[in-house]
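A short write-up of the structure that comes next.
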Amino acid sequence: MSFLTINNLWKSYGDVQVLERINLSVEQGEFVSMVGASGCGKSTFLNMLLGKEQATRGQILLEGNMLKQEPDEERGIVFQRYSVFPHLNVLQNVMIADEFTEAKILGWVLGSKRKLIKEKALAFIDAVGLTPALKKYPHELSGGMQQRLAIAQALMKAPKILLLDEPFGALDPGIRADMHQLIRDIWKKNKLTIFMVTHDIKEGFELGSRLWVFDKVRHDPHAPNMYGARVTYDLALNTGGQSADINNIVAEINQHEKNK
Amino acid sequence: MKRLMNIEPSPVVKVFLTMLPFVIAVVVYWLASEARLSENPNDKLLPSFTQIAAAVERYAFVENKRTGEYLFWQDSAASLWRIGLGIGISACVGLVVGMLNGLLPMVRAGLSPFITILSLIPPMAILPILFITFGLDELAKVMLIIIGTAPVIMRDMQSQVTQLPREQLIKAQTLGASTWLVAIRVVLPQILPRLLASVRLTLGAAWLFLIAAEAIAAQEGLGYRIFLVRRYMSMDVILPYVIWITSLAFAMDFSLKKLSMLCFPWFHQGEAK
Ligand SMILES: Nc1ncnc2c1ncn2[C@@H]1O[C@H](COP(=O)(O)OP(=O)(O)OP(=O)(O)O)[C@@H](O)[C@H]1O
Ligand SMILES: [Mg+2]
């Protein structure tokens, strides 16, 4: 049995059919990049994995069990923006992850327990390269640093799945390259299963071990909301990317887009 | 030549421009008062600065022969106690109810429409009811301030909580936080500076309700005194009292602002100076 199984998943908002007939399975340790036109339902799909949205039909199984219907520690998330706490500095932002579970009533941990949490937090902050900014607040950090912080927070919980919704969309190209290196290292070291939505198809190829393309198969020009998107391409990639046929595949996908 | 909207005053000019309206107001008053008093030395409408100073002396620095107290300070203490208590209770209730409403859909469904209606009742219209139920003493006056300001703060806090980015609340849940911990570690600290801002905005209304209540039924208080001496047309007392009330209101507003900047520096980043 697979790590994550998606059985005949459908999702609609009222009359708008967003996703239909999605059947996929993912093994532990895969890095799935997801691309597709804007508004085709990538975030919706990610939100269902997260537990924020529920499927209209079908189900998602994690290690054979139904996914919890609300966000929990098994699934970490990094959004494009706003996923760090503006009232806490870098260290506090990361430490709060364990304070949430260690201090169920007071929300604060003291003494030797606190020392342990701090050590753990410092290790993850170091892993994402934020040690020099330990005492800084999010508004004093650049966009890239804020995303690093959000990743460090998520890593504290050692989630089974890490979900990334256009995590590098707001960053400029140089910083993006650094972030790619970082996320690849973290993926390999922590043996994470990652789902990443991206608008940058190159980025998807470079990082992922697998690439999904979301697209509508059926079209009714008179009722554009009638049919939802499916995963039309499911490609296994050479880990590490950079293979010569990337360009061919990109060309093929672009061609496919144009033909519609 | 720059556009008008891009021309900033230098620090010296800025101080000058700040002082100017105050100086003009004082000078205009002085001229008008001089003119009236030279026509009729017994005129009460625009007392001279010496007359005002004498009245302040009488009220603030000479003890009352009957009671041995200083009226001015007694009035100030009474009013400050009422407004402090009223706005303090309003802030606490507003914070708790606003957070519950903003965070818990079940509570919101039950309470939010009710509070919206409640906040539309004109507080002054139910002042008689307050006097009837709570009597003519302290409680009724404090209640008027609470009824006048708490619903506004509740609604403001609710909207501030719902305006926090959803992403943050979801992130906290993926880090293992319960509803309670989201409330005290994520929502509360971010909502406190907004509570201070909300209190600052409702202070004006609080003073209005306080003075109205004191004018109708009280034995002491700044509002009571003003309405009492009105019978004798004692402008020399009313004017310093009004200036004093304004100064108190300003001091409260200013200290709340400074407190907020001191305690929540992250909140005030990027604010226009
Ligand atoms: N809460 C909601 N209620 C109603 N419709 C929604 C809701 N959330 C998303 N939708 C609709 O579902 C569709 C898919 O939205 P989604 O955000 O998943 O797209 P996306 O692929 O992530 O797009 P983008 O690349 O621009 O982020 C859109 O047509 C959107 O209008
Ligand atoms: Mg999206």
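Quick notes on this one:
- A single entry from B:L31, B:L20 fulfils the requirement of being of a type outside the set (K, R), outside the structural domain of B:V242 (by TED's automatic domain parsing) and open to solvent by 90 Å² or more (accessible area, probe 1.4 Å): B:L31.
- Residue in the stretch A:202-218 that is away from ligand 2 (no atom under 16 Å from the Cβ), among the aliphatic types (A, V, I, L, M) and surrounded by fewer than 22 Cβ atoms within 10 Å (Cβ to Cβ) present: yes
One line per residue, one yes/no per condition, for (1) modelled with pLDDT of 95 or more; (2) within 18 Å of the chain's Cα centre (by Cα); (3) more than 7 Å from chain A (Cβ to nearest Cβ); (4) on the phi > 0 side of the Ramachandran plot:
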site	(1), (2), (3), (4)
B:M154	yes, yes, yes, no
B:T162	yes, no, yes, no
B:T179	yes, no, yes, no
B:R185	yes, no, no, no
B:L188	yes, no, yes, no
B:R194	yes, yes, yes, no
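- Checked against the criterion of being under 30 Å from B:L203 (Cβ atoms), at pLDDT below 95 and surrounded by 10 or more Cβ atoms within 10 Å (Cβ to Cβ), the stretch B:2-11 has at least one qualifying residue.
- Elements of type strands (runs of 3 or more DSSP E) in the stretch A:1-42, at least 3 residues being within 16 Å of ligand 2 (Cβ to nearest atom): A:16-26, A:31-36
- Unique residue being within 15 Å of ligand 1 (Cβ to nearest atom) and over 30 Å from A:P138 (Cα atoms) when the list is A:L50, A:L9: A:L9
- A:M196 vs. criteria open to solvent by less than 10 Å² (accessible area, probe 1.4 Å), away from chain B (no Cβ under 14 Å) and over 18 Å from A:V84 (Cβ atoms): yes
- For beta carbons closer than 9 Å, sequence separation of 6+ or different chains, a first residue in the stretch B:107-132 that is of a type in the set (K, R) and a second that is open to solvent by less than 50 Å² (accessible area, probe 1.4 Å), the qualifying pairs are B:R108/B:N101; B:R108/B:G102; B:R108/B:Q158.
- Pairs with Cβ under 9 Å, 6+ apart, first in the stretch A:32-50 and within 14 Å of chain B (Cβ to nearest Cβ) and in contact (Cβ under 8 Å) with a residue 12 or more places away in the chain, second among the acidic types (D, E) and within 7 Å of ligand 1 (Cβ to nearest atom): A:S43/A:E166
- Of the numbered criteria (1) in contact with a Phe, Trp or Tyr (Cβ under 6 Å, 6 or more places away or on another chain); (2) touching a residue at least 40 places away in the same chain (Cβ under 8 Å); (3) closer than 30 Å to B:A25 by Cβ, the one B:A140 fails is (3).
- Residue selected from the stretch A:137-168 under the condition assigned to a loop (DSSP other than H, G, I, E, B) and open to solvent by less than 40 Å² (accessible area, probe 1.4 Å), by the criterion farthest from the other protein chains (Cβ to nearest Cβ): A:F168
- Restricting the stretch A:43-63 to residues that are closer than 12 Å to A:V197 by Cβ and of a type in the set (A, V, I, L, M, F, W, C), the residue that is nearest to ligand 2 (Cβ to nearest atom) is A:L46.
The values are calculated or read from the model by the stated rules, or taken from the named source; none is laboratory data. The structure displayed is predicted, hence computed values, not measured ones. Note that we place each Cβ from the backbone using ideal geometry, even for glycine, and neighbour counts take in every protein chain shown. Surface accessibility is based on the protein's heavy atoms, side chains included, excluding ligands, DNA and RNA. Shrake-Rupley method; radii C 1.70, N 1.55, O 1.52, S 1.80 Å.
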